[in-house]
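The values are calculated or read from the model by the stated rules, or taken from the named source; none is laboratory data. Keep in mind it's a predicted model, so treat the numbers as computed, not measured. Backbone-built Cβ (ideal geometry, glycine too); neighbour counts: all protein chains shown. Surface areas here come from the heavy atoms of the whole protein model, side chains and all, with no ligands, DNA or RNA. Shrake-Rupley method; radii C 1.70, N 1.55, O 1.52, S 1.80 Å.
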Amino acid sequence: MKKRGIGFRVTASLVAVSLLTSVLSILFFYSLTRKAFNDYVRENRTQIVLQVSRIVGDIYDQAGWVGVQQLLEGISYMRRMHSSHMGMGPGSMGGMGLIFLMQNDIIVTDASGRVVASTRGFNGQARTASITAPVHSGGEIVGFVTVRSPLKPAERSLEFVFYRTLSSYSLFSVAFGLGLALLIGALVSRRLTEPIKQLSAAVKRFSKGERDVKITLETGDELSSLAEDFNAMAEKIRKSEELRRNLTADIAHELRTPIAIIQGTLESIQEGVLEPTPALMLSLQEEVSRMTRLIKDLSDLSLVEAGKLELNRIKIFPAELAGKFIHFKAEAEAKGIRFDINFPRNLPAVYADPTRLVQIITNLLSNALKHTSSGRIELSAEKAEGGVVFKVQDTGSGIKKEDLPYIFERFYRAEKSRSRKTGGTGLGLAITKGLVEAHGGRIWVESREGEGSVFSFFIPSAT
């Protein structure tokens, strides 16, 4: 079964709402019209009944109920004889003609409700309206008169006009509502589906490998926000893939050089060009160590990203770690850099893997030493809500503003040089971030180019 599009569903919904509104409106106006017409007929009948009541009251005053009975029997007789030529002159019987009385069904009861006189009814052959009014005599109610009157031709004509008008209104309202619903549905669906089509086309192009896709929507609604999110996602993926593309070149570069050195040295030894001296063996060992570190970094990163890194957590006080970084003092002083460690003894214990915690701090200190040529490096820790914040602050070269958002991305190097001195593989900070997050913490950096950097990370306290 073919699925209906959003535009069709929007239009169908508007049409359904329009039809429902029209039906409810028609029923409402039909009820009002019927009530108005019945009220109109009742008002006319009320005036008639009041006149009949006065006539019956006058006859009662003159001849009592007997006179009333004779009047109604006479009317019944003349109705049977189909006489329409006899009448009482103008002004007689209170101004009401005998023909009118013959055209209505009249029932008279006394004060107790007993029927004292009546004419024959219409046997349901015509639609009638019944109105009752009291009969007065000497200022008192002596009975009641009920008049049942069929609709007059003029009234039937008026009723026909009422319902014809209502039918016309109904047809017009339905047609107008449907037309308006279709028009609005088409406009709304077009306004809604066009941006969706753009998004769909962009996603298809992106899935085919086009990474420069960008969507510009100025609708100011959720679709515009979705387009902005798509652009941000596409940019992030593009950047990530760019970094991934550099992975092969970075690793190849890092491995090619030591392998080439080892291979060339071994070939020279085999050919007798070089002697396998201890110094030469040490040089080869350094190259092997370089490859080993790279492989270990890649292994750690894969474990961190897969969430499979095993942590041997214990309760440990930060001050207990201070002795693990004394060797950095010698390295810093050799470069003319002052190195300080500030781990107060009153800091709360943290729940962490000591080996991995030392690795985190070592990575940050190594990074600080690499990018600091003079000044000061400080390793400190301070109490924070729910844990401890560790900081590595330096007065080095700092980080460019445009590089800050990507500094913890894997294989990202703020310094693009491939120099072994400062180039690196771009894995250290990515591994550090993963280790911190594996402990349930977070890491961030504050830096200004030329003024130094402050790397901070939070580790939850032991509970």
Next item on the list: Within region 440-454, count every residue that is open to solvent by less than 40 Å² (accessible area, probe 1.4 Å) and under 16 Å from residue 383 (Cα atoms).
Entry: 2
Next item on the list: Identify, from the list 137, 130, the residue that is in contact with a Ser or Thr (Cβ under 9 Å, 6 or more places away or on another chain), over 14 Å from residue 72 (Cβ atoms) and modelled with pLDDT of 60 or more.
Entry: 130
Margin query: Looking only at region 199-222, count every residue that is surrounded by 14 or more Cβ atoms within 10 Å (Cβ to Cβ), modelled with pLDDT under 75 and either within 26 Å of residue 405 (Cβ to Cβ) or in contact with a strand residue (DSSP E or B) (Cβ under 8 Å, 6 or more places away or on another chain) (or both) and tell me the total.
Written below: 1
Note to self: Being within 30 Å of residue 439 (Cβ to Cβ), in contact (Cβ under 8 Å) with a residue 40 or more places away in the chain, β-branched (Val, Ile, Thr) and open to solvent by 40 Å² or more (accessible area, probe 1.4 Å) narrows it down to one residue among 326, 314, 295; which is it?
What the structure shows: 314
Checklist line | Answer from 385, 378, 409 - the residue that is more than 15 Å from residue 317 (Cβ to Cβ) and out of contact with any Lys or Arg (no Cβ under 9 Å at 6 or more places or on another chain) | finding: 385
Notebook entry, point to check: For region 383-405, which residues satisfy the criterion of being more than 14 Å from residue 347 (Cα to Cα) and among the acidic types (Asp, Glu)?
Noted result: 394, 402, 403
Next item on the list: Select from region 350-380 the residues that are small (Gly, Ala, Ser) and open to solvent by 10 Å² or more (accessible area, probe 1.4 Å) and write down the one among them that is nearest to residue 456 (Cα to Cα).
Entry: 380
Next item on the list: Keeping to region 228-250, report how many residues are at pLDDT 80 or above and surrounded by 15 or more Cβ atoms within 10 Å (Cβ to Cβ).
Entry: 3
Checklist line | One residue from 451, 446 being free of Cβ contacts under 8 Å to residues at least 12 places away in the same chain and in the same structural domain as residue 317 (by the TED database) | finding: 446
Checklist line | Boolean, residue 402 is open to solvent by 40 Å² or more (accessible area, probe 1.4 Å), under 44 Å from the mean Cα position of the chain (by Cα) and modelled with pLDDT of 85 or more | finding: yes
Checklist line | Any chance residue 411 is surrounded by fewer than 22 Cβ atoms within 10 Å (Cβ to Cβ) and either modelled with pLDDT of 90 or more or touching a helix residue (DSSP H, G or I) at 6+ places or on another chain (Cβ under 9 Å) (or both) | finding: yes
Notebook entry, point to check: Does at least one position in region 423-446 carry a residue that is modelled with pLDDT of 90 or more and over 37 Å from the mean Cα position of the chain (by Cα)?
Noted result: yes
Checklist line | Checking residue 373 against (1) more than 19 Å from residue 443 (Cα to Cα); (2) among the polar types (S, T, N, Q); (3) in contact with an Asp or Glu (Cβ under 9 Å, 6 or more places away or on another chain), the condition it does not meet | finding: (3)
